[in-house]
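Here is the structure we will look at.
Rule-based calculations on the coordinates, nothing more; no lab input. Just so you know, these numbers come straight off a predicted model, no measurement behind them. Cβ: placed from backbone, ideal geometry, glycine included. Neighbour counts: every protein chain shown.
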């Protein structure tokens, strides 16, 4: 963690090559793993690539998945900035999804932006609970956000969606489990005919830019960074540290909540009966590989989005699509454990350097 | 045969040669003082001697045998024992448990507590060190903990004792006792390597004095052949800081009370009364030194004034009795705070130098324009402060955590004293602890400048020489109240007795 925190806060001078090297290494290891288990690794990686980038359809899928990952990744990254490790993006995301599904049913002008805002508020409130517990009750955020995930899942998917909010069975539409469908006006417009690329991707990039601006260019962002980098010093400097932590967690939750809204407004168009996305947890991987910066997070989200999109085609060579998770897990491991490589790197550098005279 | 011999030690960190070819030897029965500025290479050198660092070149020998490089275990086995500035003790354990930890005497596979306790008591007794073997370490004061560390090294068979800035945390009486202990240990045949900034005690305790500067040994001589002037010259040669005029006693404070405290009370972190009815006044343009043995309320007093600790009684800053209700309001009222724990309270270590310079002033120009950070203005102001306080490296983007201790303190001083609007009240707690003479001079100058511009300065320090050099008046705290007041020319003796509560309070 110290290395990670150092990279989170240090002015970026050499920001990305470490993460890029880790990503590359994780692909190499995945390749080897594919080969030694008797699969055609070259073909496998060919499918992986074409499934992610081979034509408009795959590109659209990559962008779709990347847009959600950008938001959940930013959610985790923003929490890290104020010094909290938010494991709860999944719970915040499904609250956001539910809020979007509810607001999206309203027959009012501007329903789409309203649904997005509702999702941000719902996810933000869920994140705020963890921040409040941390500041005022000393509850560690890792514990509280994990538990809040379960509460969210059970309250929403065990009670609200199959219960009070379930679509009426008698309606004319095909009977699907879940809530009523949202208004057509709330759908995110598709941007590229023949693909599923929708407004979500540019929106996610815009939000990433806004988060970068907030953190790097505003006083408030500076105060968040200061609180995360040294709560006591920030407090002594007159910054209301507890309030800033709560704000950071609320923003973190809001970002995840908007991620949930993109899923509902872009593809699901209702809150479905079965909704286990995993995007919230993948957001942790995205933020860690992205080094906690907004740009790095967006870049990592695109890579992992491509991996998710491409992995569906791995079945063509008899490999389970969850293989992508192996690659993703390896990347996190390699990024989060730079100490594993540090001695090796220093030795390599020492060997290539000219000998020091005795 | 030398007890400890370092020959041709070199150690680089990146492009910087921390130690650049130093050879030294310490004989059994000798005290060698190692003197140098922050970053001169003292700490690196002793880390090499203890096996904590592997030197790039050179050899460490103990009693004629060369030690394998970078092997702390081998150094300990060879009889090299170090007492570091940060004690390595476990609070809830007793003294004897701490001493034997990791090398417990055993009998049938179980720890032999009786033997362990007896051996520890004997080791302390032989060295003339007063420690209570059954006391829990967390109940002991700093000086007693230091004695435990020394006993630990002796019990483990240290024949070469390395003391890193041992008096930095001690009161004058305690320092005196430690210096006597050091002489006793040397008389008993041990070799002592004594690292210090304080020339007075070095000249008192050492047989020989070695001066290091920028990783090189620049002077080494017997105590009789050198004096404070020569050592100082060798220490700061090249940095050329003119001696500051001792203006303390000459100046008359402006009339007008700046800060008035009446019957101030507060609790310590452990919930015990720390201040018990402290009353005093501070005038504009005056430096009041606060003397006292650690734990008599001075840390808490500073925190109250900085808005970090709730207090009873009243304290008002030019009539404003609510200025200290929060750190933000204290800052707004013009209180500058050089905190005791500069790494925890003073700095956000992962942030850059320029960001730390802005901390607390970050909402106002030139650091911000409206709700936005003014990157250009902040960079300009940072460069100005870096130059004025000679921060090294002179890089606004360097990580604060990567600076040396002295430069971190200069960074805090720069921000608090010159980073924002001129302060009205300066609260400085041990502002030069662990700093080299050059950095000390800069911090002192900055405090004097603040005073000359009309600020009131409250200076908490254990270093009576520092208080005498700077303060217009010295207030002695004992047990949470004012035990007495003295002029800067008061002797150690009088101040010492007041610090121990033996002198009746005088107006």
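Summary table
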item: Alpha-carbon Rg/Rh ratio, for region B:319-427, with Rh computed the Kirkwood way; result: 0.96
item: DSSP bridge pairs, chain B: antiparallel proportion in percent, nearest 5; result: 55
item: Cα-projected label distance for residue B:270 with residue A:139, points at 7 Å along beta-carbon direction, nm; result: 3.3
item: Globularity ratio of region B:418-459, using Cα Rg and 2.2 N^0.38 Å; result: 1.14
item: Rounded to 10°, Cα long-axis angle of helix B:437-452 versus longest principal axis of chain B; result: 20
item: Projected-area average for region B:259-499 over all orientations - Cα convex hull basis, square nanometres; result: 12.4
item: Where only C-alpha atoms are counted, convex hull volume of region A:214-275 per residue in Å³; result: 102
item: Residue B:376/residue B:322 FRET efficiency (R0 41 Å; Cβ-Cβ; nearest 0.05); result: 0.65
item: Residues residue B:103 and residue B:7, FRET efficiency given R0 of 22 Å [Cβ-Cβ distance, rounded to 0.05]; result: 0.15
item: Ratio Rg/Rh [Cα only; Rh per Kirkwood] for the protein assembly as shown; result: 1.04
item: Value in Å of the Kirkwood radius, where region B:2-236 supplies the Cα pairs that are averaged; result: 18.2
item: Relative contact order of chain A, pairs being alpha-carbon contacts under 8 Å that are 6 or more residues apart, as %; result: 35
item: Chain A shape via C-alpha gyration tensor axes, a/c threshold 1.5; result: oblate
item: Calculated on alpha-carbon atoms, Rg and Dmax of region A:31-125 in Å; result: 18.9, 57
item: √(5λ) per eigenvalue of the Cα gyration tensor, region B:116-204, largest first, Å; result: 21, 16, 10
item: Residue B:279-residue B:384 pseudo-label distance in nm [points 7 Å out on the Cα-to-Cβ vector]; result: 4.3
item: Theoretical FRET efficiency, 1/(1+(r/R0)^6), r = Cβ-Cβ of residue B:88 and residue A:160, R0 41 Å, to 0.05; result: 0.15
item: If the convex hull is drawn through the Cα atoms of chain B, its volume per residue in Å³; result: 161
item: Degrees between helix B:172-187 axis and first principal axis of chain B (Cα, 0 to 90, nearest 10); result: 10
item: Other protein chain Cβ atoms within 10 Å, averaged over every residue that makes up A:235-247; result: 5
item: Reference-scaled alpha-carbon Rg (2.2 N^0.38 Å with N residues) for region B:1-120; result: 1.26
item: 5 Å binning of all Cα-Cα separations within region A:251-341, expressed as whole percents from 0 upward; result: 3, 12, 18, 22, 20, 15, 7, 2, 1, 0
item: Between helix B:113-127 and chain B: long-axis angle, C-alpha atoms, 0 to 90°, nearest 10; result: 80
